[in-house]
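Undergrad: Supplied in structure tokens, the structure appears directly below.
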Amino acid sequence: MSSLSLHELHAGLNAQFTEVNGAEVVAHYGDWLAEHSALKNSAGVLDLSFRARLCLLGADRKTFLNGQVTNNVKDLKVGEGCYAAIITAKGKMQSDLNIYNLENELLLDFEPGLSEMVQQRLDKYIIAEDAQIVDVTPHYGLLSVQGPKSAEAINGLQLGLVLPEKPLQFSSVKNETLGEIYLMYHPRIGTSGFDIFVPTNSLGVVADKLIAAANEIGGRACGWNALEVARIEAGIPRFGADMDETNLPPETSAESRAISYTKGCYIGQEVIARIRTYGQVAKALRGLRLADGLKMLPMKGDKLFLGEKEIGYITSAIASPTFKTNVALGYVRREGNKIGTDLILRTQDGDSAVNIVELPFHR
């Protein structure tokens, strides 16, 4: 398991650690419900340095990557970003990506444990292009502040950072002591939020300042448990949990954010275009309101039924602190996935009722 560079800082805050796809992450700091409340009502500071980070260099980097991913990269201006997926020739997902167009490089941010696969996939298609791939994970860390008061926490850093206003837009500042810092507008739980890419040598200083700024406005340091619950409440799928190598991007509810239908050719484009032309996908991600009083929440893969017909499966399930009920994300086949449809969840504890609801979840 790869350790967080700020392990000792987090341990000093009474952090408990867990693992996500081979990477160490902070699970919580002793009270995940209070951390969840900070994310929902003020500002929660997260160390996301466990995520993977690659950079593409070279004169052909934009046109090359544009031919590899589902969204439009070649038209990004410096200071802009997009969300995209890498897919196989058969249209199946290999990873999702946040892509940022820096002045001299493209920065790719994605789920932990996938760096080798993504790098090999891209390397495979570099033939005559002037494009090089560099793993920048050792050089830059990633902090994030999420919640309705996240902008106040960023301003509390007093680093002169300009707050970007649109999703995946970013700004940067060169600090004599801390180095070059990048600020991305990235709401990860459906409210407001920012990611901050910081040189590794300055990561601890900036993390201390950011946590202190959050504390000033009623926020706090937060861990993975609170983030995951808030993410699921917002109905946002995560690669490795709610989407994986078996999924086509249009199944995942990410179509409007991740796919450009006007950008031209890329690996797997014919499959995605055919789906759009000839009809819906066979299954789609849905929000599910589960029965109250369950002995145990369903596990990933637990089956959903319409009558006696198996029609879907669970991907993520939580007891929601916000909605005071059990909710889940899962895939449901087209013939039974309309909003309002009643289904049956079948687990080792027996059968229970499920209702398909709109995302994001509401009270």
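The values are calculated or read from the model by the stated rules, or taken from the named source; none is laboratory data. None of these values were measured; they are calculated from a predicted model. Neighbour counts run over all protein chains shown; Cβ positions are idealised from the backbone, glycine included. Note: areas computed on protein heavy atoms with side chains; ligands, DNA, RNA excluded. Shrake-Rupley method; radii C 1.70, N 1.55, O 1.52, S 1.80 Å.
Undergrad: Could you list, in sequence order, all residues of segment 212-227 that are touching a Lys or Arg at 6+ places or on another chain (Cβ under 8 Å), part of a helix (DSSP H, G or I) and open to solvent by 20 Å² or more (accessible area, probe 1.4 Å)?
TA: Across segment 212-227, there are no qualifying residues.
Undergrad: Where in segment 129-189 are there strands (runs of 3 or more DSSP E), lying fully within it, with 3 or more residues that are touching a residue at least 24 places away in the same chain (Cβ under 8 Å) and either open to solvent by 40 Å² or more (accessible area, probe 1.4 Å) or of a type in the set (Asp, Glu) (or both)?
TA: 132-135
Undergrad: Let me ask something else about it. Can you pull out the residues in segment 67-123 that are more than 14 Å from Pro250 (Cα to Cα), open to solvent by 10 Å² or more (accessible area, probe 1.4 Å), among the acidic types (Asp, Glu) and not in a loop (DSSP other than H, G, I, E, B)?
TA: Matches in segment 67-123: Glu116, Asp123.
Undergrad: Which of the residues belonging to segment 3-25 are open to solvent by less than 70 Å² (accessible area, probe 1.4 Å), farther than 12 Å from Gly223 by Cβ and assigned to a strand (DSSP E or B)?
TA: Matches in segment 3-25: Ala23 only.
Undergrad: Here's a follow-up. Could you please find all residues in segment 284-338 being within 16 Å of Glu358 (Cα to Cα), of a type outside the set (Val, Ile, Thr) and touching a Ser or Thr at 6+ places or on another chain (Cβ under 8 Å)?
TA: Answer for segment 284-338, where residues must be within 16 Å of Glu358 (Cα to Cα), of a type outside the set (Val, Ile, Thr) and touching a Ser or Thr at 6+ places or on another chain (Cβ under 8 Å): Ala284, Leu285, Arg289, Leu290, Asn326, Ala328, Leu329, Gly330, Tyr331.
Undergrad: Still on this model: Please verify whether segment 194-201 includes one or more residues that are of a type in the set (Ser, Thr, Tyr), without any contact (Cβ under 8 Å) to a residue 60 or more places away in the chain and either out of contact with any helix residue (DSSP H, G or I) (no Cβ under 9 Å at 6 or more places or on another chain) or at negative phi (or both).
TA: Within segment 194-201, not a single residue is of a type in the set (Ser, Thr, Tyr), without any contact (Cβ under 8 Å) to a residue 60 or more places away in the chain and either out of contact with any helix residue (DSSP H, G or I) (no Cβ under 9 Å at 6 or more places or on another chain) or at negative phi (or both).
Undergrad: How many residues does segment 1-21 hold that are touching a residue at least 12 places away in the same chain (Cβ under 8 Å) and small (Gly, Ala, Ser)?
TA: Residues flagged as touching a residue at least 12 places away in the same chain (Cβ under 8 Å) and small (Gly, Ala, Ser) within segment 1-21 amount to 4.
Undergrad: Could you tell me which residue of segment 307-327 is nearest to Thr347 (Cα to Cα), considering only residues that are open to solvent by 30 Å² or more (accessible area, probe 1.4 Å) and assigned to a strand (DSSP E or B)?
TA: Only one residue tops the list, namely Tyr313.
Undergrad: Now for a separate question. Residue under question is Ala38, and the condition is that it be under 30 Å from Glu233 (Cα atoms), over 18 Å from the mean Cα position of the chain (by Cα) and either surrounded by fewer than 21 Cβ atoms within 10 Å (Cβ to Cβ) or not small (Gly, Ala, Ser) (or both); does it hold?
TA: So Ala38 fails the test.
Undergrad: Does Leu161 fit the bill of being in contact with a strand residue (DSSP E or B) (Cβ under 6 Å, 6 or more places away or on another chain), of a type in the set (A, V, I, L, M) and over 30 Å from Thr322 (Cα atoms)?
TA: Yes: the conditions hold for Leu161.
Undergrad: Also: Any residue in segment 242-252 that is among the hydrophobic types (A, V, I, L, M, F, W, C), over 21 Å from Trp224 (Cβ atoms) and under 18 Å from the mean Cα position of the chain (by Cα)?
TA: Yes: segment 242-252 contains one or more residues that are among the hydrophobic types (A, V, I, L, M, F, W, C), over 21 Å from Trp224 (Cβ atoms) and under 18 Å from the mean Cα position of the chain (by Cα).
Undergrad: Considering only segment 253-306, state which residues are closer than 21 Å to Ser320 by Cβ, assigned to a loop (DSSP other than H, G, I, E, B) and open to solvent by less than 40 Å² (accessible area, probe 1.4 Å).
TA: Hits for segment 253-306 are Ala291, Pro298, Gly301, Asp302.
Undergrad: List the pairs whose first member sits in segment 223-242 and is farther than 18 Å from Leu97 by Cα, whose second member is basic (Lys, Arg) and assigned to a helix (DSSP H, G or I), and whose Cβ atoms are under 7 Å apart, counting only residues at least 6 apart or on separate chains?
TA: If the second residue must be basic (Lys, Arg) and assigned to a helix (DSSP H, G or I), the pairs left are Ala230/Lys40.
Undergrad: Now for a different question. Does segment 328-348 contain any residue that is β-branched (Val, Ile, Thr), within 29 Å of Glu35 (Cβ to Cβ), without any contact (Cβ under 8 Å) to a residue 60 or more places away in the chain and buried (at least 21 other Cβ atoms within 10 Å of the Cβ)?
TA: Checked against the condition, which is being β-branched (Val, Ile, Thr), within 29 Å of Glu35 (Cβ to Cβ), without any contact (Cβ under 8 Å) to a residue 60 or more places away in the chain and buried (at least 21 other Cβ atoms within 10 Å of the Cβ), segment 328-348 yields no hits at all.
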